[in-house]
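Working notes, structure below.
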Amino acid sequence: MEFTALHLLWLLSATSLTKQDSVRLKVSPIIAAQCDTRVFLYCNASSSQPGLSIKYMDWSQDVQLCSVNEKGDLSTNNVSTDFHCKYQEGQLTLVLHRALPLKSGNSSRYACKLRSNQGTLHGYTTVQLQECCGRVESSLSSRGPNCTFSNVYPDGDVHWFQGSQNLSDGSVSQSTAKSVDNGWLTIYSWLTISGQETRSDVPYNCSLKSPMSDKYIASSLVPKLIPIKGKSQEQSTPSRAASQKTRTTVLFVLVSSLFAWK
(Lines give C-alpha, C1' and ligand atoms only; values in the text may rest on other atoms or scores of the structure.)
Protein backbone atom coordinates (compact mmCIF):
# COMPACT_ATOMS: atom_id res chain seq x y z
CA MET A 1 0.00 0.00 0.00
CA GLU A 2 2.85 2.31 0.89
CA PHE A 3 4.58 1.44 -2.36
CA THR A 4 1.42 2.22 -4.31
CA ALA A 5 1.07 5.68 -2.71
CA LEU A 6 4.71 6.57 -3.39
CA HIS A 7 4.44 5.27 -6.90
CA LEU A 8 1.33 7.37 -7.51
CA LEU A 9 3.07 10.47 -6.12
CA TRP A 10 6.02 9.87 -8.42
CA LEU A 11 3.75 9.51 -11.42
CA LEU A 12 1.95 12.77 -10.60
CA SER A 13 5.25 14.61 -10.17
CA ALA A 14 6.61 13.21 -13.42
CA THR A 15 3.44 14.18 -15.27
CA SER A 16 3.61 17.71 -13.83
CA LEU A 17 7.25 18.11 -14.85
CA THR A 18 6.51 16.78 -18.32
CA LYS A 19 3.72 19.30 -18.84
CA GLN A 20 5.83 22.15 -17.47
CA ASP A 21 8.67 21.28 -19.84
CA SER A 22 6.37 20.88 -22.82
CA VAL A 23 4.93 24.41 -22.82
CA ARG A 24 7.05 27.06 -24.53
CA LEU A 25 6.96 30.85 -24.70
CA LYS A 26 8.91 32.42 -27.55
CA VAL A 27 9.92 36.10 -27.50
CA SER A 28 12.80 37.98 -29.12
CA PRO A 29 15.32 39.08 -26.43
CA ILE A 30 16.42 42.17 -28.42
CA ILE A 31 14.66 44.01 -31.24
CA ALA A 32 16.50 46.64 -33.31
CA ALA A 33 14.05 49.44 -34.17
CA GLN A 34 14.45 51.95 -36.97
CA CYS A 35 13.61 55.62 -36.56
CA ASP A 36 9.94 56.55 -37.16
CA THR A 37 8.84 52.97 -37.90
CA ARG A 38 6.44 50.60 -36.18
CA VAL A 39 7.89 47.89 -33.94
CA PHE A 40 6.25 44.48 -33.56
CA LEU A 41 6.84 42.48 -30.36
CA TYR A 42 5.65 38.88 -30.72
CA CYS A 43 4.88 36.49 -27.86
CA ASN A 44 4.11 32.93 -29.00
CA ALA A 45 2.78 30.20 -26.71
CA SER A 46 3.07 26.57 -27.85
CA SER A 47 3.44 23.07 -26.47
CA SER A 48 4.84 19.73 -27.53
CA GLN A 49 1.95 18.09 -25.67
CA PRO A 50 -1.62 18.16 -26.98
CA GLY A 51 -4.41 20.00 -25.21
CA LEU A 52 -2.70 23.32 -24.41
CA SER A 53 -5.24 25.73 -22.95
CA ILE A 54 -4.19 29.34 -22.46
CA LYS A 55 -5.72 30.85 -19.34
CA TYR A 56 -4.06 34.26 -19.50
CA MET A 57 -1.42 36.22 -21.46
CA ASP A 58 -0.25 39.80 -21.21
CA TRP A 59 2.35 42.36 -22.27
CA SER A 60 3.62 44.84 -19.70
CA GLN A 61 6.27 47.48 -19.16
CA ASP A 62 6.19 48.46 -15.50
CA VAL A 63 2.39 48.56 -15.97
CA GLN A 64 0.14 46.19 -17.88
CA LEU A 65 -0.36 47.20 -21.51
CA CYS A 66 -2.73 44.53 -22.81
CA SER A 67 -3.98 41.05 -21.89
CA VAL A 68 -6.07 38.16 -23.19
CA ASN A 69 -8.21 35.76 -21.12
CA GLU A 70 -9.03 32.07 -21.61
CA LYS A 71 -11.89 32.98 -23.96
CA GLY A 72 -9.52 34.86 -26.24
CA ASP A 73 -10.95 38.26 -25.32
CA LEU A 74 -8.37 41.02 -25.73
CA SER A 75 -8.30 44.05 -23.43
CA THR A 76 -5.97 47.06 -23.62
CA ASN A 77 -4.90 49.40 -20.87
CA ASN A 78 -5.34 52.91 -22.26
CA VAL A 79 -2.18 54.28 -20.64
CA SER A 80 -1.00 55.56 -24.01
CA THR A 81 -2.08 55.88 -27.62
CA ASP A 82 1.39 54.94 -28.87
CA PHE A 83 0.62 51.20 -29.13
CA HIS A 84 -2.04 48.59 -29.78
CA CYS A 85 -2.25 44.80 -29.40
CA LYS A 86 -3.45 41.87 -31.49
CA TYR A 87 -4.16 38.24 -30.56
CA GLN A 88 -4.56 35.14 -32.69
CA GLU A 89 -4.10 31.45 -31.86
CA GLY A 90 -1.65 31.69 -28.99
CA GLN A 91 0.22 34.72 -30.32
CA LEU A 92 -0.09 38.04 -28.48
CA THR A 93 1.46 40.89 -30.48
CA LEU A 94 2.36 44.29 -29.09
CA VAL A 95 2.67 46.96 -31.80
CA LEU A 96 4.60 50.10 -30.89
CA HIS A 97 3.63 52.92 -33.23
CA ARG A 98 6.99 54.57 -32.72
CA ALA A 99 10.09 53.44 -30.87
CA LEU A 100 11.37 55.91 -28.28
CA PRO A 101 14.94 56.58 -27.11
CA LEU A 102 16.09 54.64 -24.07
CA LYS A 103 16.79 57.88 -22.19
CA SER A 104 13.15 58.99 -22.50
CA GLY A 105 12.05 56.88 -19.51
CA ASN A 106 11.02 53.85 -21.58
CA SER A 107 14.25 51.94 -21.05
CA SER A 108 12.78 49.05 -19.03
CA ARG A 109 12.17 45.72 -20.72
CA TYR A 110 8.84 44.59 -22.09
CA ALA A 111 7.55 41.45 -20.38
CA CYS A 112 5.22 38.78 -21.74
CA LYS A 113 3.55 36.42 -19.26
CA LEU A 114 1.65 33.18 -19.81
CA ARG A 115 -0.61 31.08 -17.61
CA SER A 116 -1.87 27.81 -19.06
CA ASN A 117 -3.08 24.37 -18.04
CA GLN A 118 0.45 23.12 -18.68
CA GLY A 119 2.40 25.72 -16.75
CA THR A 120 3.34 29.36 -16.23
CA LEU A 121 6.11 31.14 -18.12
CA HIS A 122 7.40 34.64 -18.85
CA GLY A 123 9.86 36.24 -21.26
CA TYR A 124 11.46 39.66 -21.83
CA THR A 125 12.14 41.82 -24.88
CA THR A 126 14.34 44.93 -25.05
CA VAL A 127 13.76 47.43 -27.87
CA GLN A 128 16.95 49.14 -29.02
CA LEU A 129 16.49 52.23 -31.18
CA GLN A 130 19.05 52.45 -33.96
CA GLU A 131 20.91 55.63 -34.87
CA CYS A 132 18.69 58.07 -36.69
CA CYS A 133 17.86 61.66 -37.55
CA GLY A 134 14.24 62.55 -38.09
CA ARG A 135 14.59 65.86 -39.94
CA VAL A 136 17.23 68.33 -41.15
CA GLU A 137 16.69 71.97 -42.13
CA SER A 138 19.24 74.42 -43.52
CA SER A 139 19.43 78.06 -44.60
CA LEU A 140 21.93 80.72 -45.60
CA SER A 141 21.98 84.20 -44.10
CA SER A 142 24.28 87.18 -44.51
CA ARG A 143 26.34 85.86 -41.59
CA GLY A 144 26.74 82.36 -42.98
CA PRO A 145 25.06 78.95 -43.38
CA ASN A 146 23.26 77.10 -40.58
CA CYS A 147 21.68 73.67 -40.12
CA THR A 148 19.27 72.13 -37.60
CA PHE A 149 19.10 68.35 -37.08
CA SER A 150 15.97 67.27 -35.17
CA ASN A 151 15.00 63.96 -33.49
CA VAL A 152 18.59 62.73 -33.40
CA TYR A 153 19.57 59.52 -31.56
CA PRO A 154 21.88 58.84 -29.83
CA ASP A 155 24.19 61.77 -30.78
CA GLY A 156 26.03 63.24 -33.72
CA ASP A 157 28.85 65.48 -34.93
CA VAL A 158 28.18 68.11 -37.62
CA HIS A 159 30.69 68.37 -40.46
CA TRP A 160 30.60 71.27 -42.91
CA PHE A 161 31.66 71.18 -46.56
CA GLN A 162 31.82 73.69 -49.39
CA GLY A 163 32.04 71.66 -52.54
CA SER A 164 34.76 69.10 -51.85
CA GLN A 165 36.47 71.24 -49.18
CA ASN A 166 36.01 70.13 -45.57
CA LEU A 167 35.37 73.26 -43.51
CA SER A 168 35.40 71.41 -40.17
CA ASP A 169 39.21 71.36 -40.12
CA GLY A 170 39.33 74.67 -38.26
CA SER A 171 39.72 76.90 -41.30
CA VAL A 172 36.27 78.42 -40.65
CA SER A 173 34.66 79.32 -37.32
CA GLN A 174 32.05 76.65 -36.52
CA SER A 175 29.59 76.71 -33.59
CA THR A 176 27.26 73.98 -32.31
CA ALA A 177 24.44 73.91 -29.74
CA LYS A 178 22.50 70.87 -28.49
CA SER A 179 19.28 70.34 -26.54
CA VAL A 180 17.37 67.23 -25.37
CA ASP A 181 13.61 66.72 -25.30
CA ASN A 182 12.16 63.37 -24.12
CA GLY A 183 15.32 61.57 -25.15
CA TRP A 184 15.50 63.14 -28.62
CA LEU A 185 18.44 65.38 -29.43
CA THR A 186 18.30 68.61 -31.46
CA ILE A 187 21.62 69.80 -32.90
CA TYR A 188 22.01 73.35 -34.26
CA SER A 189 25.23 74.23 -36.10
CA TRP A 190 26.36 77.33 -37.98
CA LEU A 191 29.42 78.85 -39.64
CA THR A 192 30.61 82.42 -39.16
CA ILE A 193 32.16 83.61 -42.40
CA SER A 194 32.80 86.84 -44.31
CA GLY A 195 30.29 88.37 -46.70
CA GLN A 196 32.47 87.63 -49.72
CA GLU A 197 32.54 83.91 -48.86
CA THR A 198 28.76 83.94 -48.39
CA ARG A 199 28.30 85.13 -51.96
CA SER A 200 30.38 82.27 -53.32
CA ASP A 201 28.70 80.20 -56.03
CA VAL A 202 29.97 76.96 -54.43
CA PRO A 203 27.14 75.58 -52.24
CA TYR A 204 27.53 74.58 -48.58
CA ASN A 205 26.67 71.15 -47.21
CA CYS A 206 26.12 70.11 -43.59
CA SER A 207 26.36 66.41 -42.68
CA LEU A 208 25.68 64.60 -39.40
CA LYS A 209 28.02 61.76 -38.41
CA SER A 210 26.83 59.22 -35.83
CA PRO A 211 29.34 58.09 -33.18
CA MET A 212 27.60 54.69 -33.10
CA SER A 213 28.60 53.63 -36.62
CA ASP A 214 31.01 56.46 -37.52
CA LYS A 215 28.89 57.05 -40.64
CA TYR A 216 26.94 60.01 -41.97
CA ILE A 217 23.23 59.51 -41.27
CA ALA A 218 21.84 62.83 -42.57
CA SER A 219 22.91 65.74 -44.74
CA SER A 220 21.51 68.86 -46.37
CA LEU A 221 22.61 71.09 -49.22
CA VAL A 222 22.25 74.68 -48.02
CA PRO A 223 20.12 76.75 -50.42
CA LYS A 224 21.79 79.77 -51.99
CA LEU A 225 21.11 83.27 -50.69
CA ILE A 226 18.57 85.11 -52.87
CA PRO A 227 20.33 88.18 -54.35
CA ILE A 228 19.00 91.63 -53.46
CA LYS A 229 18.30 94.08 -56.27
CA GLY A 230 20.98 96.74 -56.82
CA LYS A 231 20.54 100.37 -55.92
CA SER A 232 20.42 101.34 -59.57
CA GLN A 233 17.39 99.09 -60.07
CA GLU A 234 15.74 100.36 -56.90
CA GLN A 235 16.27 103.97 -57.96
CA SER A 236 14.92 103.40 -61.45
CA THR A 237 11.39 102.81 -60.18
CA PRO A 238 10.81 106.39 -58.82
CA SER A 239 12.24 107.82 -62.08
CA ARG A 240 9.74 105.85 -64.16
CA ALA A 241 6.94 106.91 -61.82
CA ALA A 242 7.93 110.60 -62.14
CA SER A 243 8.05 110.29 -65.93
CA GLN A 244 4.61 108.69 -65.96
CA LYS A 245 3.26 111.50 -63.75
CA THR A 246 4.70 114.14 -66.13
CA ARG A 247 3.06 112.54 -69.17
CA THR A 248 -0.27 112.40 -67.34
CA THR A 249 -0.03 116.11 -66.44
CA VAL A 250 0.75 117.13 -70.04
CA LEU A 251 -2.17 115.08 -71.33
CA PHE A 252 -4.52 116.69 -68.80
CA VAL A 253 -3.41 120.19 -69.88
CA LEU A 254 -3.96 119.38 -73.55
CA VAL A 255 -7.45 118.01 -72.93
CA SER A 256 -8.36 121.05 -70.79
CA SER A 257 -7.15 123.41 -73.52
CA LEU A 258 -9.21 121.56 -76.11
CA PHE A 259 -12.43 121.97 -74.12
CA ALA A 260 -11.64 125.65 -73.44
CA TRP A 261 -11.10 126.31 -77.17
CA LYS A 262 -14.49 124.82 -77.99
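The values are calculated or read from the model by the stated rules, or taken from the named source; none is laboratory data. If you're wondering where the values come from, they're calculated on a predicted model, not measured in any experiment. Here the Cβ positions follow ideal geometry from the backbone for every residue, glycine too, while neighbour counts run over all protein chains shown.
Assorted remarks:
- Entry remark, the range 137-157: residues being more than 12 Å from Val222 (Cβ to Cβ) and touching a strand residue (DSSP E or B) at 6+ places or on another chain (Cβ under 7 Å) number 9 in total.
- Residue list for the range 90-108, restricted to those being over 16 Å from Gly134 (Cβ atoms), modelled with pLDDT of 90 or more and in a loop (DSSP other than H, G, I, E, B): Gly90
- Among residues of the range 144-171, those that are among the hydrophobic types (A, V, I, L, M, F, W, C) and over 19 Å from the mean Cα position of the chain (by Cα), counted: 3
- Selected residue (only one of Thr126, Thr148, Thr120 is in a strand (DSSP E or B) and modelled with pLDDT of 95 or more): Thr148
- Residues located in the range 151-168, provided they are of a type outside the set (Asp, Glu) and in a loop (DSSP other than H, G, I, E, B): Pro154, Gly156, Gly163, Ser164
- The set of residues from the range 170-187 being part of a loop (DSSP other than H, G, I, E, B) and among the aromatic types (Phe, Trp, Tyr) is empty.
- Contact map, the range 123-148: residues that are of a type in the set (Phe, Trp, Tyr) paired with residues that are part of a strand (DSSP E or B), Cβ distance under 8 Å, separation 6+ or inter-chain. Pairs shown: Tyr124/Tyr110; Tyr124/Ala111; Tyr124/Cys112.
- Residues satisfying the stated conditions in the range 61-105, i.e. among the basic types (Lys, Arg) and without any contact (Cβ under 8 Å) to a residue 60 or more places away in the chain: Lys71, Lys86
- When Ser67, Ser48, Ser60 are checked against the criterion of being of a type in the set (Ser, Thr, Tyr) and out of contact with any strand residue (DSSP E or B) (no Cβ under 6 Å at 6 or more places or on another chain), Ser48 stands alone in meeting it.
- The condition of being basic (Lys, Arg) and under 19 Å from the mean Cα position of the chain (by Cα) holds for only one of Arg38, Arg109, that being Arg38.
- Top-ranked residue in the range 166-190 [being under 15 Å from Ser219 (Cβ atoms) and of a type outside the set (Val, Ile, Thr); ranked as modelled with the highest pLDDT]: Ser189
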